[in-house]
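Structure first, commentary second.
The values are calculated or read from the model by the stated rules, or taken from the named source; none is laboratory data. Remember, predicted model here, so these are calculated numbers, not experimental data. Glycine also receives a Cβ, built like all others from the backbone with ideal geometry; neighbour counts cover every protein chain displayed.
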Amino acid sequence: MSKAAEIDIVSVTKNYGTTTAVHAISLKIPAGSYCCFLGPSGCGKTSTLRMIAGHESISSGDVRLGNVVVTDLPPAKRGTAMMFQSYALLPHLDLIDNVAFSLKMKGVDKEERRAKALEMLTLMQMEGYATRRPAQLSGGQQQRVALARALITDPEALLLDEPLSALDPFLKIRMRAELKKLQQNLGITFVHVTHSQEEAMALADLIVVMNDGRIEQAAPPRIVFESPATAFVARFMGDHNVISGKVSGHDNGLLKLDVADGGSFAATGELRQPGEGADIAIRTDHVRIGEASQPDLGFTGLVSNIEYRGSTVKLTAAGAGTEDFTAIVRDRDFFATPIKVGDAVPFAWDAGDAIVLGRLDS
Amino acid sequence: MTVAVDQSPAASIRLKAGRRGRRLDSNIVSYLEALPLTLILGAFLLLPILMIAVVSFWDYDFASMYPDFLTMNYVETLGSWVTWKTYLNTLKFALLVWMITLIAGFWVAYFLAFHIRSSAMQMVLFLVCTVPFLTSNIIRMISWIPVLGRNGLVNSTLIEMGLIPAPIEWLLYSDFAVVLAMVHLYTLFMVTPIFNTLMRIDRSLVEAARDAGASGWQVLTNVILPLAKPGMAIGTIFVVTLVMADFSTVQVMSGGQSASVALMMKNQMSLLQYPAAAANAVVLLALVLLMVAGILRVVDIRKEL
């Protein structure tokens, strides 16, 4: 059953009346990969998924699955299967009939479809509950049944709409691992919509960060984490301090940035014209407490909050044109020279940990 | 420590007594809250039914009733072929009206729930459905007469168009007229519960069915109809009980040519045969309760209440 398909999205736009939910996005999802659409609510990630599934009409552009342009095909003819956020199990049918539903629609006879459904339930370790109704199951069990129902159609791509959002934190992590294992065993393309960075990082081969109907960055998790493409991605992934300012020049291949309250910073990356606005990002866990090796790779800030997190301590400081500059330092380093709220503390980082961010419209 | 010292036995007993007093109070409050409905249901539902049941065993002549315990009224009621014919006729009306209102009601409710996108428009159209209810049943019934009559709107239009040579006789004062008026009167009782049920169907179920390859018809028969059953059952209970108890529609629209159980009771009462009417009423009540029980056995409506 491993006939994964590449999904090719070509300048797809979705308009609802006069508002545009998705702005001409283009994306290639390689066959057999686990792709996560990540973004805040209302960013267009679910609309995009529903357009791939065929539950939402495409205003303009095309979607190709494998070698077939599926833009105008009904959902069941696309070779995709969708798993809904609420699982959408039919409450009046038992698990076998729920899983066998698509076979019944195709007119497969009763014995055959029930046997196949039981086989799928066994694959999901749910065969013991076969005659129960969905309402008698826990969230995690319902999800397994929904997966069995989606996979019985033998899809080339499985589309999951926030599949883990209804589960409690423990179950979330367990089902996450199950999803990943399932994807690796089946070898088909998974497209998973989520608003959790952690979930996307844990699962994805390809993270697509969306904001305001546009793709901010589409890259493997490590790239998204280590070199976010835009200020939005850096902020959304949450492990970078973003500093905005104006380019004042460059020096030794480093971009120089002036911020509004008078500081000046250097960062590695693409060089820009002086006077242009630019954003730089600094990894929170690479910030040290101490004097900087050169003046534009650090600043002195007033500590406004200290959070103890066990192995690390999270410091929030004001300065460098931002109110909440975050530094995550190891507990050992922190307790060697304890700091109180209100202290003025020097922060420093290496040139390689400050990177220049791109802007979408430039 | 001082707090612990204060907790002397006496103090804790006082505390308990105070708590118990308050709980009693709240018990009284809940009984008070239940009292008005209990009184109304007791005085105006249970007591009359009890009286009817008692009176149905009494003796009577042309002038008065005599307290007794006779099964004569039941023997006479159930032993007469007129009763059986009347019950069959009433059941025929109930079946016809039920089938027509079920189809029409589901149709209207489906349209409102699935084809009207904005909830404001849904509410407006639903209110439009209830507009006829702003006038009385009798007026709505009587207004059919100028439409269906021998020289009424339908007949005169058809004759003027040259479609028929002479007026159609069975339009008014016929079983057709009775069923038509009942459908008109009772369809909304079917629309409302079905609409209510349809509105609660999770739209993602329909999408999931589509995703599984269901055609529009298959979505209807495999998802929507099974899930609409509780609403249909409630509507069925409304319509069946209303039709089984109807006498005015039957009397007016059939012009006295058709009979119903309630009409038979009304006639018995106008002849002062109260015990006979009471026995009839008990039989009808039992029959309707059996029908309702049958419906509830087939369909689980608990989720709708």
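If you go through the stretch A:322-342 and pick out every residue that is of a type in the set (Gly, Ala, Ser) and either surrounded by 13 or more Cβ atoms within 10 Å (Cβ to Cβ) or on the phi < 0 side of the Ramachandran plot (or both), you end up with 2. Selection over the stretch A:109-146 of residues that are in a helix (DSSP H, G or I), more than 14 Å from chain B (Cβ to nearest Cβ) and closer than 23 Å to residue A:161 by Cβ gives a count of 6.
Going through the stretch A:37-57 one residue at a time, which ones are hydrophobic (A, V, I, L, M, F, W, C) and surrounded by fewer than 23 Cβ atoms within 10 Å (Cβ to Cβ)? Reasoning before the result, please.
So in the stretch A:37-57, the residues hydrophobic (A, V, I, L, M, F, W, C) come out as A:37-38, A:43, A:49, A:51-53.
The answer is A:49, and nothing else.
State which residue is farthest from the other protein chains (Cβ to nearest Cβ) when the search covers only the stretch B:194-221 and only residues that are surrounded by 23 or more Cβ atoms within 10 Å (Cβ to Cβ) and farther than 16 Å from residue B:109 by Cβ. Break it down stepwise before answering.
We begin by selecting, within the stretch B:194-221, every residue surrounded by 23 or more Cβ atoms within 10 Å (Cβ to Cβ); these are B:194-195, B:197, B:208-209, B:211-212, B:214.
Going one step further and asking which of them are farther than 16 Å from residue B:109 by Cβ, we end up with B:208-209, B:211-212, B:214.
Values: B:208: 4, B:209: 7, B:211: 5, B:212: 3, B:214: 5 Å.
Looking at the filtered set, the residue picked out is B:209.
Residue B:214 satisfies every condition listed in (1) at pLDDT 95 or above; (2) part of a loop (DSSP other than H, G, I, E, B) except (1). Residues that are more than 15 Å from residue A:152 (Cα to Cα) and either among the hydrophobic types (A, V, I, L, M, F, W, C) or more than 11 Å from chain B (Cβ to nearest Cβ) (or both) within the stretch A:85-108 comprise A:88, A:90, A:93, A:94, listed in sequence order. The requirement of being more than 14 Å from chain B (Cβ to nearest Cβ), polar (S, T, N, Q) and either over 26 Å from residue B:212 (Cβ atoms) or out of contact with any His (no Cβ under 8 Å at 6 or more places or on another chain) (or both) is satisfied by residue A:59.
Restricting attention to the stretch B:243-284, the residues that are assigned to a helix (DSSP H, G or I) and either touching a strand residue (DSSP E or B) at 6+ places or on another chain (Cβ under 9 Å) or not assigned by TED's automatic domain parsing to the domain that holds residue B:96 (or both) total 3.
Restricting attention to the stretch B:46-72, the residues that are in a helix (DSSP H, G or I) and farther than 18 Å from residue B:263 by Cβ total 10.
How many residues does the stretch A:196-212 contain that are in contact with a Ser or Thr (Cβ under 6 Å, 6 or more places away or on another chain) and not in a helix (DSSP H, G or I)? Can you show your working first?
Step one: list which residues in the stretch A:196-212 are in contact with a Ser or Thr (Cβ under 6 Å, 6 or more places away or on another chain), which gives A:200, A:205-206.
If we keep only those that are not in a helix (DSSP H, G or I) too, we end up with A:205-206.
Residues that pass the stated criteria total 2.
The residues on offer are A:327, A:348, A:344, and the sole one that is touching a Leu at 6+ places or on another chain (Cβ under 7 Å), of a type outside the set (D, E, K, R) and closer than 11 Å to residue A:241 by Cβ is A:327.
Within the stretch A:317-358, the residues that satisfy the criterion of being under 21 Å from residue A:233 (Cβ atoms) and assigned to a strand (DSSP E or B) are A:322, A:323, A:324, A:325, A:326, A:327, A:328, A:354, A:355, A:356, A:357, A:358.
Pairs linking a residue in the stretch A:214-225 that is over 15 Å from residue A:27 (Cβ atoms) to a residue that is part of a strand (DSSP E or B), with Cβ atoms under 6 Å and 6 or more positions apart or on different chains, are A:221/A:207. Scanning the stretch B:288-305 for residues that are surrounded by 15 or more Cβ atoms within 10 Å (Cβ to Cβ) and closer than 30 Å to residue B:67 by Cα turns up just one, B:288. Within the stretch B:183-192, one or more residues are within 30 Å of residue A:97 (Cα to Cα), in contact (Cβ under 8 Å) with a residue 60 or more places away in the chain and surrounded by 21 or more Cβ atoms within 10 Å (Cβ to Cβ). Quick one: would you say residue A:272 is in contact with a helix residue (DSSP H, G or I) (Cβ under 9 Å, 6 or more places away or on another chain), among the basic types (Lys, Arg) and touching a residue at least 40 places away in the same chain (Cβ under 8 Å)? No; evaluated as a whole, the condition is false for this residue. Among the residues of the stretch B:254-278, those identified as more than 22 Å from the chain's Cα centre (by Cα) and either among the hydrophobic types (A, V, I, L, M, F, W, C) or surrounded by fewer than 18 Cβ atoms within 10 Å (Cβ to Cβ) (or both) are B:255, B:256, B:257, B:267, B:269, B:270, B:271, B:272, B:276. Report yes if some residue within the stretch A:160-181 is outside any helix (DSSP H, G or I), surrounded by fewer than 18 Cβ atoms within 10 Å (Cβ to Cβ) and within 14 Å of another protein chain (Cβ to nearest Cβ); otherwise report no. Yes, because at least one residue in the stretch A:160-181 is outside any helix (DSSP H, G or I), surrounded by fewer than 18 Cβ atoms within 10 Å (Cβ to Cβ) and within 14 Å of another protein chain (Cβ to nearest Cβ). Restricting A:109, A:94 to residues that are acidic (Asp, Glu) and under 22 Å from residue B:301 (Cα atoms) narrows the list to A:94.
Working carefully through the options B:220, B:198, find the one that is part of a helix (DSSP H, G or I), over 24 Å from the mean Cα position of the chain (by Cα) and assigned by TED's automatic domain parsing to the domain that holds residue B:145.
B:220 is the lone residue from the list that is part of a helix (DSSP H, G or I), over 24 Å from the mean Cα position of the chain (by Cα) and assigned by TED's automatic domain parsing to the domain that holds residue B:145.
Taken together, B:183, B:240, B:191 contain a single residue that is away from every other protein chain (no Cβ under 14 Å), in a helix (DSSP H, G or I), touching a Phe, Trp or Tyr at 6+ places or on another chain (Cβ under 7 Å) and not acidic (Asp, Glu), which is B:240. When the helices (runs of 4 or more DSSP H) confined to the stretch B:119-176 are screened for residues that are in contact (Cβ under 8 Å) with a residue 40 or more places away in the chain and under 16 Å from residue B:254 (Cβ atoms), those reaching at least 3 such residues are found at B:137-142. When residue A:216 is tested against (1) part of a strand (DSSP E or B); (2) closer than 17 Å to residue A:326 by Cβ; (3) not aromatic (Phe, Trp, Tyr), exactly one condition is not met: (2).
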